[in-house]
Amino acid sequence: MTMTRIYLDHNATAPIRPEAARAVGRALVQGGNPSSIHTEGRKARATIERAREDVAALVGAQPKNVFFTSGATEALNLALTPSLQAGCDARPWRLYVSATEHAAVLMGHRFPEDAVEIVPVKPNGVIDLDALAKALEQHEYSRPLLALQIANNETGVIQPVKAAAELIHGRDGLVVSDAVQAAGRMPVDIETCGADLIAISAHKIGGPSGAGALIRRKEAIHIGEPLVRGGGQEKGLRAGTENLASIAGFGAAAEAIRRDLAADVSRLESQRERLESGIFGIAQDVVVFGAAAERIPNTVAFAVPGVVAETALISFDLAGVAISSGSACSSGKVKNSHVLDAMGVKPDIRACMLRVSLGWTTSDADIERFLEVFAQLRANTSVAGKVLAA
Ligand code: PLP
């Protein structure tokens with residue numbers, strides 16, 4: 001008997017949208033080097049520029065301010081550099097990083113250790129703006145660069161980027177926002193969100209892996225030092241022949257999201273409501289992380305005390321349901337969550353964290369199947385607990 005699998009791990013990667021898969025296929029067949037001046041080259045260039053327009057439109061940016069990269073990790077590494085230039089403020093940059101950022105920010109920035117400060121979050125996962133304001137006061141002679149994600153990949157918590165940006169812009173600083181999990185789950189507008197530079201990733205929005213973008217709000221922001229040097233592609237910011245197929249798929253996914261966003265968000269909201277009420281109905285002792293904060297509608301991170309994540313993940317997987325225990329770790333193991341750690345969650349509860357992330361493929365039936373499997377798992381662990389206690 002073949003089992004239908006249910007995929008509830010969109011924050012790790014989203015299944016490719018049919019529009020994106022078709023665009024990838026077309027671009028692969030089309031071929032051509034976008035830098036060549038013959039007809040094939042110019043067709044490839046047109047494909048790239050069309051994708052640039054679609055990605056720009058998704059976040060309200062101008063196409064000329066979109067720079068394609070291999071993914072969001074590269075885009076964030078590119079942006080978070082002391083070589084940033086904007087205006088004529090000559091003070092050295094000081095980087096402020098919210099404690100719950102993705103590793104692509106925490107470990108990917110290009111600043112020396114003594115020019116970096118981690119800003120704590122409150123127990124609900126939201127950045128502590130008072131702590132940020134205090135830290136800024138202590139370093140008046142440096143120019144602040146804040147790395148603050150729009151939404152967290154593990155908990156879905158939405159950060160007050162606009163309010164934080166007011167503090168930073170008041171000191172002539174800049175804000176870099178990781179918008180990877182926000183794109184496609186909520187409206188993101190670079191003109192109004194507070195960020196000066198944002199990073200997004202194709203494979204999180206139903207595009208292929210291998211493409212991402214760094215997007216700037218205005219032309220007057222310059223990266224200074226590129227990461228990948230060589231040819232003059234992407235206005236000299238990212239050398240190397242463009243990944244035509246992935247970029248084409250990225251553009252198609254961005255276009256599809258823009259078309260479907262309002263309907264997707266309202267479906268996700270009602271599916272999350274059903275999911276959370278179902279989980280609470282099965283296990284009253286459940287803890288939902290970030291529940292006291294505003295969250296993107298596709299993410300539920302929770303723990304049932306005593307139900308260890310690693311065991312639960314395997315049980316779900318055997319029952320045909322793919323979920324995760326937080327961020328996808330390159331080793332494929334369940335790792336300790338620095339996000340929950342920063343929120344002050346105790347280690348025994350952290351070890352029980354499960355993340356369910358919904359997306360464009362998620363049906364109401366998927367949610368009901370998840371709840372069935374969860375109820376079974378809960379019944380088994382309760383029995384095991386009672387036997388152990390006896
Ligand atoms: N930022 C967040 C919040 C993410 O969830 C991820 C991927 O897990 C990244 C950055 C890195 O994106 P990419 O896989 O495109 O390098």
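Values in this text are rule-based calculations from the coordinates and carry no lab data. Bear in mind that the values here come from a model prediction, so they are computed numbers and not experimental data. Because the Cβ atoms are built from the backbone with ideal geometry, glycine has one as well, and the counts that use them run over all protein chains shown.
Within segment 333-352, how many residues turn out to be over 19 Å from S98 (Cβ atoms) and assigned to a loop (DSSP other than H, G, I, E, B)?
6
Conditions: (1) crowded, with 20+ Cβ neighbours inside 10 Å; (2) within 23 Å of S363 (Cβ to Cβ); (3) of a type outside the set (F, W, Y). E273 meets all but one. Number of the miss?
(1)
Could you list, in sequence order, all residues of segment 176-207 that are surrounded by fewer than 24 Cβ atoms within 10 Å (Cβ to Cβ) and over 22 Å from Q85 (Cα atoms)?
M186, P187, D189
What helices (runs of 4 or more DSSP H) completely inside segment 40-152 contain at least 1 residues that are within 16 Å of the ligand (Cβ to nearest atom) and touching a residue at least 60 places away in the same chain (Cβ under 8 Å)?
Because the criterion is at least 1 residues that are within 16 Å of the ligand (Cβ to nearest atom) and touching a residue at least 60 places away in the same chain (Cβ under 8 Å), the helices (runs of 4 or more DSSP H) in segment 40-152 that meet it are 72-79, 103-106.
Looking only at segment 174-217, which residues are away from the ligand (no atom under 14 Å from the Cβ) and free of Cβ contacts under 8 Å to residues at least 40 places away in the same chain?
V175, G194
Condition first: of a type in the set (A, V, I, L, M, F, W, C) and under 16 Å from Q376 (Cα atoms). Now tell me which residues in segment 273-290 satisfy that.
Matches in segment 273-290: L275, I279, F280, I282, A283, V286.
Among the residues of segment 270-300, which ones are touching a residue at least 24 places away in the same chain (Cβ under 8 Å) and assigned to a strand (DSSP E or B)?
V287, R295, T299, V300
Tell me, please, whether a residue that is closer than 21 Å to P123 by Cβ and in a helix (DSSP H, G or I) can be found in segment 301-318.
Looking through segment 301-318, at least one residue is closer than 21 Å to P123 by Cβ and in a helix (DSSP H, G or I).
Looking at segment 81-129 only, could you name the residues that are touching a Phe, Trp or Tyr at 6+ places or on another chain (Cβ under 8 Å) and of a type in the set (G, A, S)?
Result: A115, G125.
Which members of segment 3-16 meet the condition of being more than 16 Å from the ligand (Cβ to nearest atom) and outside any strand (DSSP E or B)?
Listed by number, the residues that qualify are M3, T4, R5.
Taking V24 and the conditions (1) on the phi < 0 side of the Ramachandran plot; (2) assigned to a loop (DSSP other than H, G, I, E, B); (3) not hydroxyl-bearing (S, T, Y), which numbered condition does it fall short on, given that it satisfies the others?
(2)
Quickly run through segment 153-172 and pick out the residues that are within 14 Å of D196 (Cβ to Cβ) and either touching a residue at least 40 places away in the same chain (Cβ under 8 Å) or of a type in the set (A, V, I, L, M, F, W, C) (or both).
Passing the criteria: V161, A164, A165, L167, I168, D172.
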